[in-house]
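Note sheet for the following structure.
Read the figures in this text as sums done on the coordinates, not as results from a lab. Just so you know, these numbers come straight off a predicted model, no measurement behind them. Every residue, glycine as well, gets a Cβ built from its backbone with ideal geometry; the counts of neighbours run over all protein chains shown.
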């Protein structure tokens, strides 16, 4: 959870370091090879068909790093990780953490590939590697929570690494999205109705 108070830069730097470390771990664990194998097998299309329309990038968005598919997967993950208040804003089209993520990745190409491949693995990975039979974006919220919970509590380091990588960057992207400041009035310690940025980003489960 992000502490309230302080300046925007004070909270951003630790989050960026955490996200970079988690994404580097994705690369070390061989996610590029795994996801690349899936793509060669024709399991990883780049479009975003099949998921809810609110997961797609807005019409006025030009993606630099993410594809429409990885944008959709990332947006779905943000909605589950960042808490119900943020999820409502995302679903209503009032907050776009995927856009903030794409802008940040364009300035950090060294970690862009591990995140993209990890998102493809989350989307298309199935049983027994990931406990689902359908794409992540085709699942309802409760089913997505169960997938993420299984990754977190898995005995396999590889699966826990995927959870940490996606979650760390999801929290960073939500923090970077301008719309989050409207919710929290950050950098002040209190937002509307006393909601702090840390409170707004409490995970839905756990």
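Please report, to one decimal in angstroms, the Kirkwood hydrodynamic radius of the stretch 52-123 built from all distinct Cα-Cα pairs.
Its Kirkwood hydrodynamic radius stands at 12.2 Å.
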Percent of Cα-Cα distances greater than 17 Å, calculated over the stretch 92-134:
49 percent
To make sure I understand, if each residue's beta carbon is the centre and we count other beta carbons within 10 Å, what order do 158, 89 fall in, fewest to most?
158, 89
What order do you get for 59-66, 114-121, 98-105 when each peptide is scored by the mean count of other beta carbon atoms within 10 Å, highest first?
114-121, 98-105, 59-66
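Rounded to the nearest 0.05, what FRET efficiency do residue 53 and residue 140 have when you use their Cβ-Cβ distance and R0 = 25 Å?
0.95
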I'd like the FRET efficiency for residue 92 and residue 60, computed as 1/(1 + (r/R0)^6) with the beta carbon distance as r and R0 of 25 Å, rounded to 0.05.
0.90
